[in-house]
1. Looking at the stretch 224-236, can you tell me whether even one residue there is crowded, with 18+ Cβ neighbours inside 10 Å and within 30 Å of Glu33 (Cα to Cα)?
2. Could you check the stretch 275-288 and list, in sequence order, the residues that are crowded, with 16+ Cβ neighbours inside 10 Å and not aliphatic (A, V, I, L, M)?
3. Looking at the stretch 198-208, is at least one residue over 23 Å from Val135 (Cα atoms), without any contact (Cβ under 8 Å) to a residue 40 or more places away in the chain, over 15 Å from the mean Cα position of the chain (by Cα) and surrounded by fewer than 20 Cβ atoms within 10 Å (Cβ to Cβ)?
4. Do the conditions hold for Lys271, that is, is it touching a Ser or Thr at 6+ places or on another chain (Cβ under 7 Å), farther than 17 Å from Lys84 by Cβ and surrounded by fewer than 19 Cβ atoms within 10 Å (Cβ to Cβ)?
5. Report, by residue number, each residue of the stretch 155-179 that is over 19 Å from the mean Cα position of the chain (by Cα) and within 22 Å of Leu59 (Cα to Cα).
6. Restricting to the stretch 159-180, give me the number of residues that are among the small types (Gly, Ala, Ser) and farther than 25 Å from Met114 by Cα.
7. From Ser251, Ser229, which residue is within 24 Å of Ala88 (Cβ to Cβ) and in contact with a strand residue (DSSP E or B) (Cβ under 6 Å, 6 or more places away or on another chain)?
8. Please specify each residue of the stretch 136-175 satisfying the condition of being under 17 Å from Gln34 (Cβ atoms) and in a strand (DSSP E or B).
Amino acid sequence: MYTPRDYSDIIKASAAKAGFSFCGISKAEFLAEQAPKLEQWLKQGYQGEMSYLENYFDLRLDPQKLVPGAQTVVSLMYNYYPAKQQLASAPKIAKYAYGEDYHHVVKEKCKLLMTDIQSIIGNIEGRAFVDSAPVMERAWAEKGGLGWIGKHGLLINKQQGSFFFLAELVIDIVCEPDGPAREYCGTCTKCVDACPTEAILPDKTLNAAQCISYLTIELKNEIPDTFASKMENWMFGCDICQDVCPWNRFSLTHQEARFQPKDEVLNYSGKEWEEISEEVFGFVFEKSAVKRTKYAGLKRNINFLKTQKS
């Protein structure tokens, strides 16, 4: 007969075997502390055109409404820090999008993990989530002791920084939970100071509507001219707040073959990106998250960057 502690130990061992860097356990319960923060954030309009964030408010805060019978939230971290980066002169892509779309890769790892756990423990019901449902993944990762939410709103792990994808298993067995980790940002404001669009507000609040990642990915209309001198040559996403974070000096290179970028991603110069055709776009980003912008969206971003230089 397994105890809650046994369940937690089994899950963590299986997670490591599946390639996850860190695994934390939380009791599946209503996120009371997050409810007023989320409500206020939405009222301020910081979600911009991401109206889908206004939906399923209750589900975002209560995993038991998302998964009937839920007892435990298993939080997982999957490393994506690359060994090599783009040419310094090229328009920049956020590191998470260098290789194959993480939704596919990490979701498969979660399914393997679930299968492995079931093979050891027996009948377990639950669901895996990889940025694909109304789950407050950073809040759960913090609750599970994997790190703390930094001033930029991202989860920071004391051992290896913040270049991680987060995923969750919400399952129907009672496990021994981990306590939350301490916060170690202290008085550091490097991420706040470095953000060129001033999207990082006090109290770990992000005005997403001013974030370069939002402007280059989520925004469907033209990028406002007010950002013309503030894009820092980013054509898809942005890593500025992570690149300046002192905790990311501990980042380790990922070992996931499917995250390896195609040569074009690393070696294209600014001119080659400016002249990219729709056919080449389809080849270079065949399985990449960059396809989310579609060819027209990436060209819009590249052309907007060109106007800054002219």
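The values are calculated or read from the model by the stated rules, or taken from the named source; none is laboratory data. Because the structure is a prediction, the values reported are computed rather than measured. Positions of Cβ are backbone-derived with ideal geometry, glycine not excepted, and every protein chain shown enters the neighbour counts.
1. As a first pass, look at the stretch 224-236 and keep what is crowded, with 18+ Cβ neighbours inside 10 Å: 231, 234-236.
If we keep only those that are within 30 Å of Glu33 (Cα to Cα) as well, we get none.
The answer is no; no qualifying residue exists.
2. Answer for the stretch 275-288, where residues must be crowded, with 16+ Cβ neighbours inside 10 Å and not aliphatic (A, V, I, L, M): Phe281, Phe285, Ser288.
3. If we filter the stretch 198-208 for residues that are over 23 Å from Val135 (Cα atoms), which is where we start, we get 198, 202.
Then keep just the ones that are without any contact (Cβ under 8 Å) to a residue 40 or more places away in the chain; that gives 198, 202.
This time we only want the ones that are over 15 Å from the mean Cα position of the chain (by Cα), so: 198, 202.
Keeping just the survivors that are surrounded by fewer than 20 Cβ atoms within 10 Å (Cβ to Cβ) gives 198, 202.
For the stretch 198-208, residues over 23 Å from Val135 (Cα atoms), without any contact (Cβ under 8 Å) to a residue 40 or more places away in the chain, over 15 Å from the mean Cα position of the chain (by Cα) and surrounded by fewer than 20 Cβ atoms within 10 Å (Cβ to Cβ): present.
4. no
5. Keep residues of the stretch 155-179 that are over 19 Å from the mean Cα position of the chain (by Cα), which gives 171-179.
Hits for the stretch 155-179 are Ile171, Asp172, Ile173, Val174, Cys175, Pro177.
6. Step one: filter the stretch 159-180 for residues among the small types (Gly, Ala, Ser), giving 161-162, 167, 179.
After this cut, where a residue has to be farther than 25 Å from Met114 by Cα as well, the list is 161.
Number of matching residues: 1.
7. Numbers: Ser229 fails: in contact with a strand residue (DSSP E or B) (Cβ under 6 Å, 6 or more places away or on another chain).
Of Ser251, Ser229, the one residue that is within 24 Å of Ala88 (Cβ to Cβ) and in contact with a strand residue (DSSP E or B) (Cβ under 6 Å, 6 or more places away or on another chain) is Ser251.
8. Trp148, Ile149, Leu155, Leu166, Glu168, Val170
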